[in-house]
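Trainee: The structure that follows is given in the form of structure tokens.
Values quoted throughout were computed directly from the atomic coordinates according to the rules given, and no laboratory measurement underlies them. Not measured: the values here are computed from a predicted model. Cβ atoms come from the backbone with ideal geometry, glycine included; neighbour counts cover every protein chain shown.
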Amino acid sequence: MEHERPVWPVMRQLTDGDPLALGSAAQSETTRKWRGRIADAKVTKSVCPFCAVGCGQLLYVKDEQLIQIEGDPDSPISRGHLCPKGAATRTMVQSPMREYKVKYRRPYGTKWEELSLDQAMDMIAERVLKTRRETWESKDEEGIDINRCYGIASLGGATLDNEENYVMKKLYTALGIVQVENQARI
């Protein structure tokens, strides 16, 4: 018969070779059975979406739910560290205050209304085409062809990668838009 472990913590300190109770003597039978919530989670590497630094993240998924985000110690950029925004990216995905519908407030309106995605995209397309039509310049003062639109500009966000900015630049160039900048760094 195997020797039973003493229940009283002081006795465990004396018998387990842990006189300061810094290890096994400090654990009860209940706490010995505990497992961390990420123990059985699937880990996926990612990049923080908040700024241009591109800190590495480890995403822990369990039962198809994101349960934890931590800094990736293998990342040469962040070496396992995340700023407060990066550490809070889980709430960006799972916050009960996250909006899942398109919201629109009409000019001089005081309330937000929900629009379908198709309706919102149509409104944007109409406004782009209207602005392009109204601000199009075919020729300059000297009669030279310029074919450009100064009524629309674009500033790409810092988390857009080079490929996304390339596609955006192609679209805007096709529309005749010349004021296009980006902050691509990842």
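Trainee: Please report, in debye to the nearest 20, how large the charge dipole of region 95-186 is about its Cα centre when each Lys and Arg carries +1 at its beta carbon and each Asp and Glu carries -1 there.
Mentor: 440 debye
Trainee: Which length gain, in nm to one decimal place, applies between I144 and R98 when the Cα-Cα distance is subtracted from 0.36 nm times their residue separation?
Mentor: 11.5 nm
Trainee: Let me ask something else about it. Evaluate the charge dipole of region 42-94 about its Cα centre and quote only its size in Debye, nearest 20, assuming +1 on the Cβ of each Lys and Arg and -1 on the Cβ of each Asp and Glu.
Mentor: It works out to roughly 80 debye.
Trainee: Still on this structure, I have one more. Please work through the chain and write down the cysteines that have no neighbouring cysteine Cβ at a distance under 4.7 Å.
Mentor: Here C51, C83, C149 come out as lacking a disulfide-compatible partner, given the Cβ-Cβ threshold of under 4.7 Å.
Trainee: Can you sort I152, I67, I144 from fewest to most other Cβ atoms within 10 Å of each residue's own Cβ?
Mentor: The order, fewest Cβ neighbours first, is I144, I67, I152.
Trainee: For the chain, what is the charge dipole size about the Cα centre, in debye to the nearest 20, if Lys and Arg each add +1 at the Cβ and Asp and Glu each add -1 at the Cβ?
Mentor: That gives the chain a dipole magnitude of about 480 debye.
Trainee: Under 13 Å from the Cβ of S116, count the other residues' Cβ atoms, weight Lys and Arg +1, Asp and Glu -1, and hand me the total.
Mentor: -2
Trainee: Determine ³J(HN,Hα), in whole Hz, for all residues of region 94-100 in sequence, where each value follows from phi through the Karplus function 6.51 cos²θ - 1.76 cosθ + 1.60 and θ = phi - 60°; x replaces Gly and Pro.
Mentor: 10, 4, x, 8, 5, 8, 10
Trainee: Another question, if that's okay. Mind pulling the angle between the C-alpha long axis of helix 162-174 and the longest principal axis of the chain? Nearest 10 degrees, somewhere in 0 to 90.
Mentor: Between helix and principal axis, roughly 20 degrees.
Trainee: Still on this structure, please answer the following. Tilt of helix 117-135 relative to the longest C-alpha principal axis of the chain, in degrees (0 to 90, nearest 10)?
Mentor: With both axes taken from Cα atoms, the answer is about 40 degrees.
Trainee: If you don't mind, there's one more thing I want to ask. Set the Förster distance to 35 Å, then compute FRET efficiency between A174 and I38 from the Cβ-Cβ distance, nearest 0.05.
Mentor: For A174 and I38, the calculated efficiency is 0.15.
Trainee: May I pose another question? Please list, in order along region 9-16, the HN-Hα scalar couplings obtained from phi with the Karplus expression 6.51 cos²θ - 1.76 cosθ + 1.60 (θ = phi - 60°), rounded to whole Hz, x for Gly and Pro.
Mentor: These are the phi-based 3J(HN,Hα) values: x, 5, 5, 5, 4, 6, 8, 8 Hz.
Trainee: Can you tell me the length gained on complete extension of the stretch L115 to K85, counting 0.36 nm per residue apart and subtracting the Cα distance?
Mentor: 7.9 nm is the gain from fully extending L115 to K85.
Trainee: Here is a further query. Which residue, chosen from T89, G157, Y108, occupies the Cα position most advanced towards the positive end of the dipole of the chain, where the dipole is computed from +1 (Lys, Arg) and -1 (Asp, Glu) charges on Cβ about the Cα centre?
Mentor: So the residue we want is Y108.
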